[in-house]
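I have placed the structure first, in the form of structure tokens, so that the comments after it can refer back to it.
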Amino acid sequence: QVALLDIDICGPSIPKMMGLEGEQVHQSGSGWSPVYVEENLGVMSVGFLLSSPDDAVIWRGPKKNGLIKQFLRDVDWGEVDYLIVDTPPGTSDEHLSIVQYLSTTHIDGAVIITTPQEVSLQDVRKEINFCHKVKLPIIGVVENMSGFICPKCKNESQIFPPTTGGAEKMCQNLNVSLLGKVPLDPQIGKSCDKGQSFLSEAPESPATSSYRNIIQRIQEYCDQHHFQDEKNI
Amino acid sequence: ERSNLAGVRHILLVLSGKGGVGKSTISTELALSLRHSGKKVGILDVDLCGPSIPRMFRVQDNDVHQCDGGWVPVFVDQDKSISLMSIGFLLEKPDDAVVWRGPKKNALIKQFVADVAWGDLDFLIVDTPPGTSDEHISTVEALRPYKPLGAILVTTPQAVSVGDVRRELTFCKKTGLRVLGIVENMSGFVCPHCSECTNIFSKGGGEELAKHAGVPFLGCVPLDPQLSQSLEEGRDFIQEFPKSSAFPALAHITQQILDGTSQQSS
């Protein structure tokens, strides 16, 4: 049973990627109802609260924090195995607030996404420092857009070159796990735009096996740490 | 007392609804192109959490000094034709995270707009983080008295990116910021081995959005590994790689900006 919470308030991409554009949030006695993609996958995003795709959410920090609190307090998620929180880029209000508001419950950790080049890594090192500062465990780093194989000649190009050793070197230096690398595949963007599951649409893609390996490692991390917590109790 | 922006002829903002689409890249290449057209350019980097501009000019280790008029911007070379200001120069260590809530960010942005001694510039390019929040509201408010030329909006071709940039267009409308045009970045990749073009991030979304919204379409910039490499190394792509695939598009975008400003004066 999975819940996906989109706290990118200015740029909520999740509804479109899940094929849920145009859906509305319903209220009931038990709170806001998530929008379900499937019986076991519920989604919440500010995107569902906007009436037009042109509507901009031009809010300063405090108002964004208020909505995030509501999302956590008023959404009737039910029993959930995994709550995944998608965040905007940065280390600001949304990030501080979500960590703060979830501090009374247990956060397994953060998965940090980067692309291979130093321009991206230099920001991700800051994100890693943010996690340390707020005592958020790091499950690991994913190197996205990691190489492209030409569909015609099958040669690989490094469109975003890992000039300083990519995520691999950074993870070694900072002692965090590299969960995996995901190559560029035009089908990924297409699937997201159409709101379809890339994993179902392109089961043979190298990117699909990358994603699946990464997801497996995340599940293993969560299971291990859950087991350790139970042992400690 | 003369304001620090009094000598700046044109102020341009580079915006996007979406992260990772190439705002800092476009800001950097636009500055380099304008310099090659003989203009004096400044870049104000108001992305406080992820300041990319210093590294793109290989000056990430530079310090910022104060003078009577305020902060002295960092010059990228002895020519002094491009100057920069970014929080990147103020961090003790490059990996230090700036974990600030809105009010503290707003205070620094106000200072950045008022207290950098730019001197005389033809263009001041303001590079922003993604979104429509504190940084954007504060930057537009602080710049309002200086009548910015307008904003360039950057998107990648696919619908998920365009969807966020539509909201950025609304932001511009609501704040009275003129939209100079839309750039569709990462638009196609030409394999250097066999020249086959693949639309990795789809194609055409930026152009369609410009048409739909009634704003100028400034052009498609393809994915270009030489451009990525130049940015990594802080090199002058415009000077060194005029035959590379992204060059014509970047030059064309710059020309349209220049044409726009000369129309304004006449």
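The values are calculated or read from the model by the stated rules, or taken from the named source; none is laboratory data. For clarity, every value in this text was computed on a predicted model and none was experimentally measured. Cβ atoms come from the backbone with ideal geometry, glycine included; neighbour counts cover every protein chain shown. The protein model used for the area step is the full one, side chains on, heavy atoms only, and it has no ligands, DNA or RNA in it. Shrake-Rupley method; radii C 1.70, N 1.55, O 1.52, S 1.80 Å.
Overview of values
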| item | result |
| --- | --- |
| Counting DSSP beta bridges with both ends in chain B, the antiparallel % (nearest 5) | 20 |
| Unit Cα scatterers, Debye sum, the protein assembly as shown: log10 I(q)/I(0) for q = 0.06, 0.10, 0.13 Å⁻¹ | -0.27, -0.77, -1.36 |
| Value of [θ]222 nm, deg cm²/dmol, for chain A, DSSP H segments ≥ 4, -39500 (n - 2.57) each, nearest 500 | -12000 deg cm²/dmol |
| Gyration tensor verdict on the range B:140-238 (Cα atoms; rounded if a/c is under 1.5, prolate if a/b is larger than b/c, oblate otherwise) | oblate |
| Taking chain B and dividing mean pair separation by its residue count, relative contact order in percent (alpha carbons under 8 Å, at least six apart) | 25 |
| Shielding score for A:121-128, defined as the mean number of other chain Cβ atoms within 10 Å | 5 |
| Disulfide-incompatible cysteines by the Cβ rule (no partner under 4.7 Å) in chain B | B:Cys49, B:Cys67, B:Cys172, B:Cys197, B:Cys220 |
| Relative contact order %, the range A:1-113, counting alpha carbon pairs below 8 Å whose residues are six or more apart | 37 |
| DSSP-defined beta bridges in the protein assembly as shown - what % are antiparallel, rounded to 5 | 25 |
| More than 35 Å apart - percent of Cα-Cα pairs taken over chain B | 10 |
| Protein accessible area in the protein assembly as shown, 1.4 Å probe - carbon and sulfur % | 48 |
| Separation between Cα centres of the range B:46-118 and the range A:67-115, rounded to whole Å | 31 |
| Protein heavy-atom accessible area occluded, B/A pair - total, 1.4 Å probe, Å² | 4700 |
| Globularity index of the range A:43-96, i.e. its alpha-carbon radius of gyration over 2.2 N^0.38 Å | 1.24 |
| Label-point separation, A:Cys222 to B:Asp68 (7 Å along Cα→Cβ), nm | 6.3 |
| Estimated FRET transfer efficiency when R0 is 30 angstrom, pair B:Asp77-B:Lys243 (beta carbons, to 0.05) | 0.85 |
| Delta accessible area of at least 10 Å² on complex formation, residues of the range A:7-24, 1.4 Å probe, chain isolated as reference | A:Cys10, A:Gly11, A:Pro12, A:Ser13, A:Lys16, A:Met17 |
| Kirkwood Rh in Å, taken over all unlike Cα pairs in chain A | 19.2 |
| Theoretical FRET efficiency, 1/(1+(r/R0)^6), r = Cβ-Cβ of A:Glu204 and A:Ser30, R0 35 Å, to 0.05 | 0.25 |
| Local net charge near A:Ile7, Cβ-Cβ under 11 Å (Lys/Arg +1, Asp/Glu -1) | -3 |
| Mean accessible surface per residue for the range A:108-232, computed with a 1.4 Å probe while every protein chain stays in place, in Å² | 51 |
| Cysteines not pairable in chain A (beta carbon separation under 4.7 Å absent) | A:Cys10, A:Cys131, A:Cys171, A:Cys192, A:Cys222 |
| Sorted peptide list for B:210-217, B:180-187, criterion being average Cβ within 10 angstrom, highest first | B:180-187, B:210-217 |
| Order by protection proxy (mean Cβ within 10 Å, highest first), peptides A:200-207, B:221-228, B:110-117, B:155-162 | B:155-162, B:221-228, B:110-117, A:200-207 |
| Where labels lie 7 Å past Cα in the beta-carbon direction, separation of B:His212 and A:Glu23 in nm | 2.1 |
| Spacing of the two label points (7 Å from each Cα toward its C-beta) at A:Ser52 and B:Gln255, in nm | 3.6 |
| Compactness of the range A:1-105, expressed as Rg and Dmax over alpha-carbon positions, Å | 13.0, 36 |
| Kirkwood-Stokes translational diffusion coefficient of the range A:126-233, alpha-carbon pairs, 4 °C, 1.567 mPa s, µm²/s | 81 |
| Partner chain coverage, peptide B:19-28 - average Cβ within 10 angstrom | 2 |
| Peptide A:132-138 - average C-beta neighbours from other chains (10 Å radius) | 1 |
| For the range B:208-257, residues shielded by at least 40 square angstrom of accessible area compared with the chain on its own, probe 1.4 Å | B:Ser228, B:Glu232 |
| Pairwise centroid distance, computed over Cα atoms, of the range A:1-62 with the range A:145-192, Å | 29 |
| Entries of A:Lys169/B:Lys23; A:Lys64/A:Lys126; B:Lys147/B:Lys243 with Cα pairs more than 30 Å apart | B:Lys147/B:Lys243 |
